[in-house]
Amino acid sequence: MLRKIVVIDESSCVKCNFCREVNVCKSPGKCIGCLSCYYACPYQARRMIDDEVEDEIVKIVVDGVECEVPRRLSVKEALERFWPSSSGLDLRGLTAPCNLGGCWACAVVIDGKLERSCVNHVRDGMRISLNLEGIEPLRIVHGPQPHKVGGKATPWYEVNGYRYVESAIWVAGCNLRCPQCQNYHVTYDNSTKPMTPKEAAEKLTGCKRVYDTPGIAVSGGEPTLNRKWLIELFRFLREMNPGARLHLDSNGTILTEDYVDELVEAGCNNIGIEPKAGRLSTYMRITGIRDKDLAEKYFNNAWSTVKYIVDNYLEKVYLGMGFAYNSDWMSFEEVAEIGEKVVSIDPRIQVTVLDYFPAFRRGDLRRPTVSEMFRVKEILEGVGLRTVIVQTRVGHIGPRDKSIHH
C-alpha cells in the first residue's frame, strides 16, 4: 500500500528537542502519516515522502461494529475511510480540525478513555465509541497569565500601561500553517496534559482575582476549533465572573452565524477577528494555506463574520480586528485597501496592527521600523478609521483622539 509518511532530514535537524518535548509522535518508528510533526518542526527537518508499506490488518470495533483496517492508520483516517457516514465525527460544524493533536476537537472514546483520533494509530482489538454524551471535552491550555496590553480586541481605553487589563490563556491547535507563527510553542503542543472547560475557567478566574483584571481572554492557536469546549468555557466564566469582559481572539475562519450566536449567549462580549490581509494572495502567503479554494473560504468567512457581528451584536459585543504588517508580504497600498474595507463595514471598529518580526520558520523577516508602523497608522486613519492601534518595538501607539469611545 502506497502511504505518505514523514522522515527526518538529518541535515536540517538542529536537535532542538521540539519533537521530544512539545509536539511528540504517538506512533514512533512506524509513521501513520498524520503529518503533525511535519507541520510542527521549527527547522523544517521533516520531509514527506511516498512509501510502499506492507501493512498488517487489525480488527477494531466502532460502536459495536467490527471492521478490519490497516494498522498504519490514524483512528481518524480509519473512521473516515471505513465509516463514511461518520466522517467529521459529529463535530458540530467544525470544518477545519487542526490535525496536530492540540485542540482535541476530534476526540473519541478509545478503550473507555477520551483520546484524540488525529494523532493516535489503530491497534488490534481497539474499541471506539463516537458517543460523547456526558463526557467533558478537553483541550491543551497554556497559562493563565496577566497582561498589560491584551489582544486585538482589548478595548484601547482600558490600557494604561501600568495595570494588568486581562488574564489570558492560549489554547493549542490551529487550522492555519503560518510560517511566521509567533505562538508556535502553543499552537503545535500536543503533549501537555489537557484541561476541561471548568478547570480552565477556575484558573482564569483565580488569575483575575489576584491581578484584578477587568478582562479575561482566550487566544491561541485557534480557540474556535473545539466548539463544545469553548462554549462551555465561556458559560463557566460568565457564572464565575458576572459582569466581566470576556474576550475571544480568533482568526475567524470557521465561525458561523449560529456559532457567534452561541458564543454571545454563553457570555462572550468581546471578540477579536483577524482576517490577516486584504488580498487573497497575501492571505495565502501569511497563513501557509496552499489550497486556493480553502484559503478563499477562510478569507471570506473571516470578513463576513466581522460584518455579521457588526450587524447583529455591536451593542452587546466590543469588536476588534487585527492584521500583521510586514513589508515582506504587504504593501502600503494593501494597508489602505484593508482600511477601506473595514470602513465600509463600520469605521468605529477597533483595528490593531502588529509589527511582525522573526519567529518559527521565518528567521529572515525584518521587524518593521517604528516609522513604518506610524505610516500604517496614518494610512488607516486617513481612510476614515477612528480607532487604530499599532504595535511597535517601543510600545503600542493608540488613537490620536483620546475622546473616542465606543
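Look through segment 346-393, keep the residues that are of a type in the set (Ser, Thr, Tyr) and in a loop (DSSP other than H, G, I, E, B), and return whichever of them is farthest from Ile309 (Cα to Cα). Give the steps one after another, and end with the answer.
Kept after step one, since they are of a type in the set (Ser, Thr, Tyr), are these residues of segment 346-393: 352, 356, 369, 371, 387, 392.
If we keep only those that are in a loop (DSSP other than H, G, I, E, B) too, we end up with 356, 369, 387.
On the way: Tyr356: 27, Thr369: 33, Thr387: 17 Å.
Once the filter is applied, the top-ranked residue is Thr369.
Across segment 122-142, what is the total count of residues that are part of a strand (DSSP E or B), of a type outside the set (Ser, Thr, Tyr) and at pLDDT below 95?
Residues of segment 122-142 part of a strand (DSSP E or B): 127-129, 139, 141-142.
Checking the rest, the ones that are also of a type outside the set (Ser, Thr, Tyr) come to 127-128, 139, 141-142.
Applying the additional criterion that residues be at pLDDT below 95 yields 128.
Residues in segment 122-142 being part of a strand (DSSP E or B), of a type outside the set (Ser, Thr, Tyr) and at pLDDT below 95: 1 in total.
Between a first residue in segment 59-74 that is free of Cβ contacts under 8 Å to residues at least 12 places away in the same chain and a second residue that is assigned to a strand (DSSP E or B), which pairs have beta carbons less than 8 Å apart while being 6 or more apart in sequence or on different chains?
Glu66/Lys59; Glu66/Ile60; Glu68/Ile57; Glu68/Val58; Glu68/Lys59
Can Ser403 be described as farther than 30 Å from Gln44 by Cα, at pLDDT below 95 and of a type in the set (S, T, N, Q)?
Numbers: farther than 30 Å from Gln44 by Cα: yes; at pLDDT below 95: yes; of a type in the set (S, T, N, Q): yes.
Yes, satisfied.
Leu91 - would you say it is surrounded by 21 or more Cβ atoms within 10 Å (Cβ to Cβ), among the aliphatic types (A, V, I, L, M), modelled with pLDDT under 90 and farther than 30 Å from Arg386 by Cα? Reasoning before the result, please.
Values: surrounded by 21 or more Cβ atoms within 10 Å (Cβ to Cβ): no; among the aliphatic types (A, V, I, L, M): yes; modelled with pLDDT under 90: yes; farther than 30 Å from Arg386 by Cα: yes.
It is false that Leu91 is surrounded by 21 or more Cβ atoms within 10 Å (Cβ to Cβ), among the aliphatic types (A, V, I, L, M), modelled with pLDDT under 90 and farther than 30 Å from Arg386 by Cα.
Assigned to a helix (DSSP H, G or I), closer than 29 Å to Ala201 by Cβ and of a type in the set (Phe, Trp, Tyr), is that true of Tyr283? Outline the logic, then answer.
Details: assigned to a helix (DSSP H, G or I): yes; closer than 29 Å to Ala201 by Cβ: no; of a type in the set (Phe, Trp, Tyr): yes.
Spelling it out, it is not the case that Tyr283 is assigned to a helix (DSSP H, G or I), closer than 29 Å to Ala201 by Cβ and of a type in the set (Phe, Trp, Tyr).
Restricting to segment 301-339, name every residue that is of a type in the set (Phe, Trp, Tyr), in contact with a Gly (Cβ under 9 Å, 6 or more places away or on another chain) and assigned to a helix (DSSP H, G or I).
Trp303
Kindly evaluate Lys113 against the criterion of being closer than 30 Å to Arg393 by Cβ and among the charged types (D, E, K, R). Step through it out loud before you land on a result.
Details: closer than 30 Å to Arg393 by Cβ: no; among the charged types (D, E, K, R): yes.
Spelling it out, it is not the case that Lys113 is closer than 30 Å to Arg393 by Cβ and among the charged types (D, E, K, R).
Looking only at residues that are under 27 Å from Ala244 (Cβ atoms) and of a type in the set (D, E, K, R) in segment 280-324, which one is surrounded by the fewest Cβ atoms within 10 Å (Cβ to Cβ)?
Here the residue is Glu315.
Pull up segment 232-267, narrow it to residues that are among the β-branched types (Val, Ile, Thr) and surrounded by fewer than 21 Cβ atoms within 10 Å (Cβ to Cβ), then point me to the one that is nearest to the chain's Cα centre (by Cα). Walk me through it before giving the result.
Step one: list which residues in segment 232-267 are among the β-branched types (Val, Ile, Thr), which gives 253-254, 256, 260, 264.
Those left that are additionally surrounded by fewer than 21 Cβ atoms within 10 Å (Cβ to Cβ): 256, 264.
Details: Thr256: 15, Val264: 19 Å.
Ranking the qualifying residues of segment 232-267, first place goes to Thr256.
In segment 105-121, how many are part of a loop (DSSP other than H, G, I, E, B) and either buried (at least 16 other Cβ atoms within 10 Å of the Cβ) or in the same structural domain as Tyr184 (by TED's automatic domain parsing) (or both)? Don't jump to the end; show me each part of the working.
Step one: of segment 105-121, the residues part of a loop (DSSP other than H, G, I, E, B) are 105-107, 111-112, 116-120.
Of the ones still in play, those that are also either buried (at least 16 other Cβ atoms within 10 Å of the Cβ) or in the same structural domain as Tyr184 (by TED's automatic domain parsing) (or both) are 105-107, 116-120.
Counting residues in segment 105-121 that are part of a loop (DSSP other than H, G, I, E, B) and either buried (at least 16 other Cβ atoms within 10 Å of the Cβ) or in the same structural domain as Tyr184 (by TED's automatic domain parsing) (or both) gives 8.
Which condition from (1) more than 27 Å from Gln44 (Cα to Cα); (2) free of Cβ contacts under 8 Å to residues at least 40 places away in the same chain; (3) surrounded by 16 or more Cβ atoms within 10 Å (Cβ to Cβ) is the one that Asp355 breaks?
With (1) more than 27 Å from Gln44 (Cα to Cα); (2) free of Cβ contacts under 8 Å to residues at least 40 places away in the same chain; (3) surrounded by 16 or more Cβ atoms within 10 Å (Cβ to Cβ) applied to Asp355, the lone miss is (1).
Consider segment 142-167. How many of its residues are touching a residue at least 60 places away in the same chain (Cβ under 8 Å), crowded, with 24+ Cβ neighbours inside 10 Å and in contact with a helix residue (DSSP H, G or I) (Cβ under 8 Å, 6 or more places away or on another chain)?
The number of residues fulfilling the criteria is 2.
The values are calculated or read from the model by the stated rules, or taken from the named source; none is laboratory data. On a predicted model such as this, the values are computed, not experimentally measured, just so you know. FYI the Cβ positions are ideal-geometry reconstructions off the backbone, even for glycines, and counts take in every protein chain you see.
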